[in-house]
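Enquirer: Structure in structure tokens, see below.
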Amino acid sequence: DAKTTQPNSMESNEEEPVHLPCNHSTISGTDYIHWYRQLPSQGPEYVIHGLTSNVNNRMASLAIAEDRKSSTLILHRATLRDAAVYYCIPTGANSKLTFGKGITLSVRP
Amino acid sequence: GAVVSQHPSRVICKSGTSVKIECRSLDFQATTMFWYRQFPKQSLMLMATSNEGSKATYEQGVEKDKFLINHASLTLSTLTVTSAHPEDSSFYICSALTGVGDGYTFGSGTRLTVV
């Protein structure tokens, strides 16, 4: 499994954009980059995933570096409901997800 | 979207008893499901991979005789914690591979407390 490095925590103001970084320098060429988030006492929730190109969906955008050794999850307008632990997980297609420590996002009203 | 239903959401049991946790895929067939355990303030730890119709694959250090996994149908996987002890108290979470481009869907988790 590729090793990931994320900051322990990040703070944001409500309604402002948030950029959550992740380094995954040992990612293999076929690994997808998944992002999940977990609210307290809940199961993780899928956010977005991509392989090489930047991806957008209704929740977020994923910017993947050209060398694929890092990626950034972008929440365009943070809300209080976005406060959670965000996990960046490189993994092969249909392979198990191995969770790291993640980054704890706090959102100030 | 794909939904995974996990039941019960919380359970308290006496030490030495067994507890069964169910994980159902509601609107899709899940040939592969995963079971995780999460202790307070820690990340999720994968316990085992469950494949329909075959034996589960356990991660290193997870006792297969203590954590029994059954995946007898394409929509149901169960985890039974046998002879539970207080150190088994944890948050147990299942997930399923949806195979529809969204990757993995997680259940809402089961809070197990062994007294």
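FYI, it's all coordinate maths here, none of it is from the lab. Since the structure is predicted, the reported quantities are computational estimates derived from the model, not experimental observations. Ideal geometry is used to build each Cβ from the backbone, glycine not excepted, and the neighbour counts take in all protein chains shown.
Enquirer: Quick one: grab Rg to one decimal and Dmax as a whole number for segment B:55-94, Cα atoms only, in Å.
Expert: Gyration radius and largest Cα-Cα distance of segment B:55-94: 10.9, 32 Å.
Enquirer: Mean shadow of segment B:36-115, computed from the convex hull of its alpha carbons, in nm²? Don't skip to the end; give the middle numbers.
Expert: Working: hull surface 23.6 nm².
Over every viewing direction, the Cα hull of segment B:36-115 projects on average to 5.9 nm².
Enquirer: Further question: Give me the distance in nm between label points sitting 7 Å out from Cα along the Cα-to-Cβ direction at A:S106 and A:Q42, one decimal.
Expert: Inter-label distance under the simple model: 2.0 nm.
Enquirer: Tell me which of B:Q38, B:L68, B:V115 sits at the most positive position along the dipole axis of the protein assembly as shown, charges placed on C-beta atoms (Lys, Arg +1; Asp, Glu -1).
Expert: B:V115
Enquirer: Right, next: Compute and list, largest first, the equivalent-ellipsoid semi-axes of segment A:60-109 from the alpha carbon gyration tensor, each √(5λ) rounded to a whole angstrom.
Expert: Values: eigenvalues 105, 44, 16 Å².
Whole-Å semi-axes of the equivalent ellipsoid: 23, 15, 9.
Enquirer: Turning to a different aspect of this structure: Determine the distance separating the Cα centre of segment B:5-62 from the Cα centre of segment A:86-109; give it in Å without decimals.
Expert: 19 Å
Enquirer: Please report the spacing between the Cα centers of segment A:1-30 and segment A:35-70 in Å, no decimals.
Expert: Result: 9 Å between the Cα centres.
Enquirer: Quick one: what are the phi-derived ³J(HN,Hα) couplings along segment B:3-10, Karplus 6.51/-1.76/1.60 with θ = phi - 60°, whole Hz, x for glycine and proline?
Expert: Rounded to whole hertz, the list is 10, 10, 9, 10, 8, x, 7, 8.
Enquirer: So what does log10 I(q)/I(0) come out to for chain A at q = 0.16, 0.17, 0.22, 0.24 Å⁻¹, using the Debye formula with one equal point on every Cα and no solvent?
Expert: Taking Cα atoms of chain A as identical point scatterers yields -0.65, -0.73, -1.22, -1.43.
Enquirer: Most mobile of A:R37, A:R68, A:R77 per a Gaussian network model of chain A (Cα springs, under 10 Å)?
Expert: Residue with maximal mean-square fluctuation among A:R37, A:R68, A:R77: A:R77.
Enquirer: I'd like the trypsin sites (Lys or Arg not before Pro) in segment B:36-115 restricted to DSSP loop residues with at most 12 other Cβ atoms within 10 Å, sorted by number.
Expert: Values: sites: B:R37, B:K41, B:K55, B:K64, B:K66, B:R111; in loops: B:K41, B:K55, B:K64, B:K66.
Passing both the DSSP loop test and the Cβ count: B:K41, B:K55.
Enquirer: Next question. Taking the dipole about the Cα centre of chain B, with the C-beta of Lys and Arg at +1 and of Asp and Glu at -1, give me whichever of B:A84, B:Y58, B:G103 is farthest to the positive side.
Expert: Of the candidates, B:A84 comes out farthest on the positive side.
Enquirer: Given charges of +1 on the Cβ of Lys and Arg and -1 on the Cβ of Asp and Glu, with all other atoms neutral, how large is the dipole of segment B:1-83 about its Cα centre, in debye to the nearest 20? Could you put the intermediate results ahead of the total?
Expert: Working: 9 positive and 6 negative charges, 65 e Å.
In debye, rounded to 20, segment B:1-83 gives about 320.
Enquirer: Just want the ordering: A:I27, B:I93, from fewest to most Cβ atoms lying within 10 Å of their own Cβ. Let's see the in-between values first.
Expert: Values: A:I27 22, B:I93 26.
Least to most surrounded, the residues fall as A:I27, B:I93.
Enquirer: Another question, then. Where the eigenvalues come from the Cα gyration tensor of the protein assembly as shown, what are the semi-axes √(5λ) of the equivalent ellipsoid, largest first, in whole Å? Walk me through the numbers before you get to the answer.
Expert: Details: eigenvalues 186, 78, 49 Å².
Over the Cα atoms of the protein assembly as shown, the semi-axes work out to 30, 20, 16 Å.
Enquirer: Between A:A63, A:A84, A:A93, where does the largest GNM mean-square fluctuation fall for chain A, given springs only between Cα atoms within less than 10 Å?
Expert: A:A93
Enquirer: Another question about this same structure. Evaluate the relative contact order of chain A (contact order divided by residue number), counting alpha-carbon pairs under 8 angstrom at least 6 apart; express in whole percent.
Expert: On the way: 268 pairs, mean separation 40.3, N = 109.
Answer for chain A is 37 percent.
Enquirer: Which residue, B:G61, B:G103, B:G16, tops the fluctuation ranking in a GNM of chain B built on C-alpha contacts under 10 Å?
Expert: Answer for the Gaussian network model of chain B: B:G61.
Enquirer: Identify unpaired cysteines across the protein assembly as shown, taking unpaired to mean no other cysteine Cβ lies under 4.7 Å from the residue's Cβ.
Expert: B:C13, each lacking another Cys Cβ under 4.7 Å.
Enquirer: For A:A84, list long-range residues whose amide hydrogen, built 1.01 Å from N in the peptide plane, is under 5 Å from its own amide hydrogen.
Expert: A:L105
Enquirer: Using Cβ counts within 10 Å as a stand-in for footprinting exposure, how do A:S61, B:S90, B:S54 rank, fewest first? Mind showing how you got there, number by number?
Expert: Numbers: A:S61 17, B:S90 21, B:S54 9.
By the 10 Å Cβ count, ascending, the order reads B:S54, A:S61, B:S90.
Enquirer: Right, another one. Starting from the Cα of A:A65, step 7 Å along the direction of its Cβ; do the same at B:D27; then give the gap between the two resulting points in nm.
Expert: So the two model labels end up 3.8 nm from each other.
Enquirer: Whole-Hz ³J(HN,Hα) for each residue in segment A:92-109, computed from phi via Karplus 6.51 cos²θ - 1.76 cosθ + 1.60 with θ = phi - 60°, x for glycine and proline: what do you get?
Expert: x, 4, 6, 9, 5, 8, 10, 8, x, 7, x, 10, 8, 9, 10, 10, 8, x
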